[in-house]
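Structure, as C-alpha cells:
The values are calculated or read from the model by the stated rules, or taken from the named source; none is laboratory data. In this text the structure is predicted, and so the values were computed from the model without any measurement. Reconstructed Cβ throughout: ideal geometry from the backbone, glycine too, with neighbour counts over all protein chains shown.
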Amino acid sequence: GASTYMKEFQGQFGKFLHYVLAAESHPLINLPCACGTTDSMGTPQRRTCRCNDCLFFDPCCETCFIRKHQSSPFHWAEVWNGDFFERRDISKLCGHVITLGHDGHGGACLNSSSSVEFILVDLNGVHRTRLSFCECIGQSRERVDTLLDTQIFPATLGLPRMGFTFNLLKDFHLQTLTSKKSPYDYIAAIRRKTNNSFVGDVADPYPQFLRVQRVWRALMMLKRSGQVHGIDLCFPFRRPGSVSVTCFGCPEPGFNVPDEHHLNMLMLMMDGHFGLQRFSKVDDPDDVSLLEGAGFFPSDGEYSPYVQNIVATSEEKSTCSKFNALEMQNKLKFKGAVITGVLAVECMRHVFFMSMVDLQKGERYANADFALAHAL
C-alpha cells in the first residue's frame, strides 16, 4: 500500500536532498561564456544567468540569455551577484526592451515607439518589464490589438500599462472550477511565485484581475456556446443570443422532433430555493451585466418592469397545516432581503436548467409564469 512506498522514499532522502541542493547551483557559473563576447575592456563575458523555466539551459552571459529568449521573454533570469542568484526580469539585462507587433514576432524594430514600463502577470509571477510597439508603416496598430495578438489581455483600453497572459487566465478558469479557488488566493500565490520573501515589493494586480477574469469568462461562454460563430442562424427557433446549454434529450421543435410532434411531450418542473437570498446592502450602481439575459436569468430591462406591475398579494397566511410551502411567505423570514430566493424551471426527465428568476416576496404565480415563458 501507500505506507510501503513511503518507506521506500524515506530510505532515499539523502539522494533526493543531494539533487534538490544541486539544483540551487551550477558548476559553470561565473566561467567565461561560450559565445566569446567581451566587454569594452576586452574581458570575456561571464556565465552569470540561468533559466529555471527552460528544461535544458546551461548558464550563459546576459547577451546570450536575451538571444535565447526571443520567443519566451517572460522567463525569469536568475543572475549570480557574487553571493546568490537574484531573480530579474529580462528587461533588467543590458537594458533590453521587448518589442511587440513587428512581423508577428518579438524581433527588434527600427521604428518602434519609446519603451514603456509594463506590468505583465504570467503563470510564473508578476513581471515589471519594458515594452515597445512597432510603428512601421502598414504594420502599426492600436496597442490593445498588438497585446491581444501576442496573447496578452490588457487590464484597460487605450494605453494599457498592465496585462495578463492568456495562459494565466485559462489556468485560473480551470482552477476556480475544480478547486473553487478565489481570485484573491490565486493572485496571492502568483505574487509569492515572484518573491516569496518580500511579497510587499511585488505589484498587486488583484483589482485589475477581478474585472479581467470576469470579461474572460464571458468571452469563453460566447465562444463555447457558438454565439461567436453565429449559431443562431442554425437554430432560429431558440432564444437569440443564448449561451445556456439546452437539453438534447428533450423534444425541441425544429431540432429533434419528427413530423408527428404531437406524440412527444416536454415535461417541465419548477421549484423555488430560499437559500439564495440577497439582503439590502451598498452596491455599485454602475455595475453592468456582460451577458444581459443571455443565460438562464432574464434581462433586468425585461424582468424588472414586469415585477413592478405585479399586484400585491394578500397579507393573510394559509391555515393549511399540510401545505408548508405557503408558510414560508411569512415576512419575518425575508426581513431585510431584497431578493428572497430564486425559482428555477427544469426539464423533468434530465434535470437541465432552462430558466431562473429572482423572487421578491416568496413564491408567487406571477414569477412562475415569467420563468415558464422565459424557458419556452
Check the stretch 337-349 and report whether any residue there is more than 28 Å from the chain's Cα centre (by Cα), outside any strand (DSSP E or B) and modelled with pLDDT of 85 or more. yes
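Where in the stretch 65-145 are there strands (runs of 3 or more DSSP E), lying wholly inside it, with at least 2 residues that are modelled with pLDDT of 90 or more and among the basic types (Lys, Arg)?
Working: elements: 77-80, 85-88, 98-100, 116-122, 125-133.
Result: 85-88, 125-133.
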Would you mention how many residues in the stretch 41-64 are assigned to a loop (DSSP other than H, G, I, E, B) and either touching a residue at least 24 places away in the same chain (Cβ under 8 Å) or crowded, with 21+ Cβ neighbours inside 10 Å (or both)? 8
